[in-house]
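This report concerns only the one structure given below.
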Ligand SMILES: Nc1ncnc2c1ncn2[C@@H]1O[C@H](COP(=O)(O)OP(=O)(O)OP(=O)(O)O)[C@@H](O)[C@H]1O
């Protein structure tokens, strides 16, 4: 974490939070502070409620119990202090929107003012952040024609352009090759180091970001553990969470988990027919 933090308030504060759909509880009793500049990995099997946690922080998913605070306020609304990288969906290749326009969509209109000066300032900011993600070469091209990795860099730029104090990332490395995985995670790491942005990073795979992670929130079957990777990613802790013997192996600086998949009846389909109860 950076030595001098821009503010003392946590980037994210979660108190007694729970989320249930019908009789199924995804998680409950969740207390969590993410500090400015902290990098928190949110891990867990399919359907454990990782994306739903981000949605609760965005204010698009109502909690069943408890409260969340993000960037010093309530979630939702036009809170531009929050950057969001949604789960990657392929952009239709007929989309003719230019990369720079996609990034510009992340800007808060009134903060930059109207008129020519405002427009110039917006353009400068967009160009600056595109440069920071290494996207200048293709920013004028139609987004639909860009590669998955190029599109993902622009999505990161879109999330950063509003200068967020919290960054919510939902599987941002999905379907990227190793070089792009590294590039995108380094961009996110640089942001939190340079600007003190708190990062919540949902992922299935900790290894590509292991070197950046301060703490882990691991969700399984309504249970969770929070702690440093060395505390949470152990055979004993994960066996307890999964309710069966799971072996965590450390090989060449990477973490491999054996047995976790077979411990879960993961053939259940994901249902969306019920709304949150509150
Ligand atoms: N609005 C809703 N109504 C009912 N069930 C829902 C709703 N939203 C999510 N769910 C269910 O809650 C569970 C958790 O979903 P969520 O997307 O948060 O999981 P996840 O951990 O991000 O999973 P994955 O790793 O597969 O992306 C899933 O079983 C999903 O079907």
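The values are calculated or read from the model by the stated rules, or taken from the named source; none is laboratory data. All values reported here derive from a predicted model rather than from experimental measurement. Methodologically, a virtual Cβ is constructed for each residue, glycine included, from the backbone with ideal geometry; neighbour enumeration extends over all protein chains shown.
Annotations for the structure displayed:
- Only one entry of 101, 92, 31 meets the criterion of being more than 26 Å from residue 128 (Cβ to Cβ), away from the ligand (no atom under 16 Å from the Cβ) and either at pLDDT 95 or above or not in a loop (DSSP other than H, G, I, E, B) (or both), and that entry is 31.
For (1) part of a strand (DSSP E or B); (2) within 13 Å of the ligand (Cβ to nearest atom); (3) at pLDDT below 90, each residue gets a yes or a no:
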position	(1), (2), (3)
14	yes, no, no
36	no, no, no
45	no, yes, no
52	no, yes, no
68	yes, no, no
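- Scanning segment 190-209 for residues that are modelled with pLDDT of 95 or more, away from the ligand (no atom under 16 Å from the Cβ) and touching a helix residue (DSSP H, G or I) at 6+ places or on another chain (Cβ under 8 Å) yields a count of 3.
- Elements of type strands (runs of 3 or more DSSP E) in segment 162-240, at least 1 residues being over 23 Å from residue 104 (Cα atoms) and in contact (Cβ under 8 Å) with a residue 40 or more places away in the chain: 198-202, 215-220, 223-227
- Filter pass, residue 26 being within 13 Å of the ligand (Cβ to nearest atom), surrounded by 19 or more Cβ atoms within 10 Å (Cβ to Cβ) and in contact (Cβ under 8 Å) with a residue 24 or more places away in the chain: yes
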